[in-house]
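Comments concern the structure below.
Every number here is computed from the coordinates shown, using simple stated rules; none is lab data. In this text, all values refer to a predicted model and were calculated from it rather than measured experimentally. Cβ sites come from the backbone with ideal geometry, for glycine too, and all protein chains shown count toward neighbours.
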Amino acid sequence: MRYEAPRRLEDAVSLLAGQDGAHVLAGGTDLLVKLRSEMIEPEMIVDIKRIEGMREIAAEDGGWRIGAAVSGAEMGEHAGLVADWPGVVEAAGLIGSTQIQGRATLAGNLCNASPAADSVPAMVAAGARVRIAGPNGMRDMDVIDVPQGPGKTALERGEFIAFVWLPARGEHSSDAYLRFIPRTEMDIAVVGCGISLSLDDGDRVTAARVSLGAVGPKVMLVEEAAEAITRRVLDEAALSDLAAACSAAATPIDDKRGTIDFRKHVAGVLARRAAVIAAKRAKGETA
Amino acid sequence: MSQLHVTTKINGDETEFLCEAEDTLLDVLRDRLGLTGTKEGCGTGDCGACSVAVDGRLVCSCLMLGAEAEGRDIATIEGMATGDQLHPLQQKFIEMAALQCGICTPGILVAAQSLLERNPDPSEEEVRYWLAGNLCRCTGYDKIIRAVMETAADMRRAS
């Protein structure tokens, strides 16, 4: 196996495109586990951390551009990012332990393409996009289009995610992410729910995006759930409609961590709670 | 295959080593540099026994390649004491018997030090969450948590 740590995006692309069995290394918290367990036997590892911008959080177009090698811990320490997208930051912060947080990245969580990835529903709710570097230059893609199924992404040979971009955050707007796990820490989501919303002066929802994770082969954007609360104040009736839409949209499997009925129910419960948190944040309250 | 030549800093000392591309930082520390204080528990990032700080950031050395250490600043358990003077956390762990078999202890000490550098006055909940990635199968954690809390209080009084 070869190890390469190029300093330019183009060099990383040509290394990846020119070698069968080349893998990208950012935080390595999934890659090293697969490598050690011999799930993968790479010919080459391309470490992207030395490429300019990969470890930076930078303002771009009113939003934030997050380099593919920025860790969860670094995101949590960035006041501007936390203020604009607390739900995305808290979702990334749920991945693994303090040690994992020191390395794990949004782009890696997305490319690992686990249906239960915590940061992915939050990014989908946020309307996040990724900038992909490849042999034909750069292209942008919505986060929701990246996972194609468990362990599969829409990336083509030689391509890798260079940046995640979170859009500008408007007034009276915020987001939240909640997951259910049987323990209090260090576990994989049985259900995850991300909500991003905006309120008007009368606390009526003017726009919302609702996403679910771990209840289907890939993350889902639940438009019926967003529709259920749009133009409404988040009272009991609106929250019940939101929960019902999420429970109806969830298509989970039965496994040892939860039954279909349980997961569908929990999808609704989490949506209701996440909406309340996002709305409080949108009003400038602590939640 | 030719080995990779890596120049790094370990516990403040400029260090050079040769490693294979697939060697983890943990492999390098233990097998090439003889720094066996850092332990391998699971090798998959679940147990925290291999915790080290890289550029001041707590990580699992089993989930990082040795080659990635180029130009970085690594802190291991061997750098925690100053000569014969134990770090207050080490001293407190002995006094309060916050260890039994000791395999998890270097990782827990390195992790706890990293917490106290950032937060000199953590709540018990903060200590428990911070150390959630450090598994101990002997103590039941209570003595560890109390030792960290007491050390933090001692260090605050001393500063």
Between A:GLU285 and B:GLN91, with labels modelled 7 Å along Cα→Cβ, what's the label distance in nm to one decimal, could you check? 4.8
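Determine, for A:LEU178, A:LEU9, the number of other Cβ atoms within 10 Å of each Cβ, and report the residues in order from fewest to most.
On the way: A:LEU178 27, A:LEU9 19.
Listing A:LEU178, A:LEU9 from fewest to most nearby Cβ atoms yields A:LEU9, A:LEU178.
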How many nm is it between the label spots at B:ALA153 and A:LYS256, if each spot is 7 Å from the Cα in line with the beta carbon? 4.1
Longest segment of chain A lacking GluC sites (Glu not before Pro) that sit in a DSSP loop with at most 14 other Cβ atoms within 10 Å: A:186-284
Any aspartates and glutamates with Cα under 18 Å of the B:LYS9 Cα? List them, leaving off those in the same chain fewer than 8 positions away. B:ASP23, B:ASP27, B:ASP31, B:ASP55, B:GLU68, B:GLU70, B:ASP73, B:GLU78
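Provide a whole-number value for the mean count of partner chain Cβ atoms within 10 Å of the Cβ atoms in peptide A:90-102.
Across A:90-102, the average partner-chain Cβ count within 10 Å equals 6.
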Where in chain A is the longest stretch that carries no trypsin sites (Lys or Arg not before Pro) classed as loop by DSSP and with at most 13 other Cβ atoms within 10 Å? A:9-156
Taking R0 as 25 Å and r as the Cβ-Cβ distance between A:ALA207 and A:ALA237, the FRET efficiency 1/(1 + (r/R0)^6), rounded to the nearest 0.05, comes to 0.80
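For a test of the definition: using alpha carbon positions, the gyration tensor, and the 1.5 limit on a/c, classify the range A:10-107 as rounded, prolate or oblate.
Details: a/c = 3.15, a/b = 1.51, b/c = 2.09.
Taking the square roots of the gyration eigenvalues as a ≥ b ≥ c, the range A:10-107 is oblate.
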Output ³J(HN,Hα) for the range A:261-266: one whole-Hz value per residue in order, computed from phi by the Karplus curve 6.51 cos²θ - 1.76 cosθ + 1.60 with θ = phi - 60°, and x for Gly and Pro. 4, 4, 5, 5, 4, 5
Using Cα pairs under 8 angstrom and six or more residues apart, how large is the relative contact order of chain B, in percent? 23
Would you grab the residues whose amide H sits under 5 Å from the one on B:ALA49? Only those 5+ places off in sequence or on another chain, please, with H modelled 1.01 Å from N. B:GLY41, B:CYS42, B:LEU135
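Classify the protein assembly as shown: rounded, prolate or oblate, from the alpha-carbon gyration tensor (a ≥ b ≥ c, eigenvalue square roots; a/c under 1.5 rounded; otherwise prolate if a/b is larger than b/c)?
Details: a/c = 1.92, a/b = 1.32, b/c = 1.45.
Cα axes put the protein assembly as shown in the oblate bin.
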Please check: in the Gaussian network model of chain B (C-alpha springs, under 10 Å), which one of B:GLY43, B:GLY66, B:GLY34 has the largest mean-square fluctuation. B:GLY34
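Calculate for chain A the 222 nm mean residue ellipticity that helices alone would give, adding -39,500 (n - 2.57) per DSSP H run of length 4 or more and normalising by residue count, nearest 500 deg cm²/dmol.
Numbers: 11 runs with 97 residues, N = 287.
Taken over chain A, the calculation gives -9500 deg cm²/dmol.
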Checking the cross-link filter: which lysines have an alpha carbon closer than 16 Å to that of B:LYS92, excluding same-chain neighbours under 8 positions apart? B:LYS143
Per-residue average of other protein chain Cβ atoms inside 10 Å, peptide B:63-71 -> 6
Across the range B:50-65, in residue order, what do the Karplus-derived ³J(HN,Hα) couplings come to in whole Hz, using 6.51 cos²θ - 1.76 cosθ + 1.60 with θ = phi - 60° and x for Gly and Pro? 9, 4, 9, 9, 10, 6, x, 10, 5, 9, 8, 6, 6, 10, 9, 6
Ranking B:LEU115, A:LEU166 by Cβ neighbours within 10 Å, fewest first, what do you get? B:LEU115, A:LEU166
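Is the range B:1-49 best put as rounded, prolate or oblate by its Cα gyration tensor, with a ≥ b ≥ c the root eigenvalues, rounded for a/c under 1.5, and otherwise prolate when a/b is larger than b/c, oblate when not? Present the calculation step by step, with values, prior to reporting the outcome.
On the way: a/c = 2.38, a/b = 1.34, b/c = 1.77.
Judged from the Cα gyration tensor, the range B:1-49 comes out oblate (a/c at least 1.5, b/c at or above a/b).
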Tabulate in residue order the Karplus-calculated ³J(HN,Hα) for the range A:92-104, using 6.51 cos²θ - 1.76 cosθ + 1.60 with θ = phi - 60°, rounded to whole Hz; enter x for Gly and Pro. 4, x, 7, 6, x, 8, 3, 5, 5, 4, x, 10, 5
Among the lysines, select those whose C-alpha is under 20 Å from the C-alpha of A:LYS264, and discard any that sit fewer than 8 residues away in the same chain. A:LYS218, A:LYS256
Trypsin sites (Lys or Arg not before Pro) restricted to the range B:89-153 and DSSP loop, no more than 11 other C-beta within 10 Å: B:ARG137
